[in-house]
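The values are calculated or read from the model by the stated rules, or taken from the named source; none is laboratory data. Bear in mind that the values here come from a model prediction, so they are computed numbers and not experimental data. Here the Cβ is made from the backbone with ideal geometry for all residues, glycine too, and neighbour counts use every protein chain on show. Each accessible area value is taken on the protein alone, full model and side chains, heavy atoms only, with ligands, DNA and RNA left out. Shrake-Rupley method; radii C 1.70, N 1.55, O 1.52, S 1.80 Å.
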Amino acid sequence: MRIMEYAKSLSDVCGVANLAKDEKKLIENYGEDICKYPYAIVIGHKMIEEIIEKIPLTYNNDEYAQEYLDEYYNSHQRVSKIASKIALYIEDEGYHAIVLDVSGKSDEIDLKKPFSNKASAHIAGVGWLGKNNLLTTEEFGPRLTWATVLTDAPLEEYAGDEMESLCGDCTMCVTACPGKAIVDLPDPAESYSPEKCGNYLMKRKEENHPVACGMCLYICPYGNEKSRKLLNKNY
Ligand code: SF4
Ligand code: SF4
């Protein structure tokens with residue numbers, strides 16, 4: 001279908017979640033409107049590699065920390081623009097489309113709580129939630145920003161299945177996290193502590209540094225060749 005060719009041409013990672021498959025659970029969590037349309041196109045957009053590679057230096061260099069923080073927000077803007085272009089294309093093809101913003105909301109639907117873009121990407125099977133609670137892909141690891149387009153375009157044949165975690169025995173983000181916010185448990189709801197992560201970021205702020213820390217994003221061997229070599233040596 002031309003819609004998917006177009007979506008793929010603008011994305012680094014792209015997939016389709018069949019929301020109807022998880023309808024009961026989704027409606028329970030988010031309200032009826034989340035299933036207004038049966039499909040969600042998930043769009044993964046790569047953050048700038050050169051900036052990500054400097055993350056280990058950000059702890060002693062505020063300029064690099066600010067650069068990473070800016071890229072974090074800029075990549076959100078870029079992926080939102082891509083999502084809007086795809087939504088317009090879908091409408092030109094005669095179907096409906098709703099873009100969820102980066103925080104998982106839209107004025108066009110009434111949700112009990114924001115629909116995480118990570119959740120739609122997970123349902124679409126383009127990646128898994130790592131121990132660091134980041135959506136992780138085999139090719140680029142967690143070095144992506146995500147957006148979602150809800151649509152009634154007939155995309156059944158493109159819908160994926162939820163992916164099993166490929167974290168396995170890896171504990172690189174657990175060891176590297178300066179806030180001790182990640183522990184070695186398979187379920188990200190238990191392994192990642194948003195409170196501890198937030199406390200670490202607040203501490204950085206109190207010390208007058210930019211509020212940036214992406215070590216768990218940087219270190220993941222999926223997307224980081226150096227980590228990958230270390231991991232292969234250790235296992
Ligand atoms: S952002 Fe930093 S403190 Fe928070 S979980 Fe990741 S590595 Fe740990
Ligand atoms: S660093 Fe290892 S444990 Fe952490 S998310 Fe990546 S693969 Fe999973």
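Observations on the structure shown:
- Shape of the stretch 88-175, Cα gyration tensor, a/c cut at 1.5: prolate
- Cα-Cα over 19 Å, subset of LYS46/LYS112; LYS105/LYS180; LYS36/LYS113; LYS25/LYS112; LYS131/LYS180; LYS54/LYS226: LYS46/LYS112; LYS105/LYS180
- Cα centroid separation, the stretch 193-235 to the stretch 1-68 (Å): 19 Å
- Each other residue within a Cβ distance under 11 Å of PHE140 adds +1 if Lys or Arg and -1 if Asp or Glu, for a net charge of -2.
- Taking 0.36 nm per residue of sequence separation and removing the Cα-Cα distance, the HIS96/LYS203 pair yields an extension gain of 34.0 nm.
- Anisotropy class assigned to the stretch 172-234 is oblate, per the alpha carbon gyration tensor with a/c at or over the 1.5 cut-off and a/b no larger than b/c.
- Net charge of neighbours whose Cβ lies under 14 Å from the Cβ of PRO186, counting Lys and Arg as +1 and Asp and Glu as -1: -4
- Gyration tensor (alpha-carbon) shape descriptor, the chain, a/c threshold 1.5: prolate
- Heavy atoms of LEU57: accessible area, 1.4 Å probe, square angstrom to 10: 90 Å²
- The accessible surface of the chain, taken with every protein chain in place and a 1.4 Å probe, is 50 percent carbon and sulfur.
- With K and R counted +1 and D and E -1, the other residues having a Cβ less than 14 Å from that of ILE27 yield a net charge of 0.
- Unmatched cysteines, the chain - criterion: no other Cβ of a Cys under 4.7 angstrom: CYS14, CYS35, CYS167, CYS170, CYS177, CYS197, CYS213, CYS220
- In the stretch 2-158, Cα pairs under 8 Å separated by at least six residues give a relative contact order of 33 percent.
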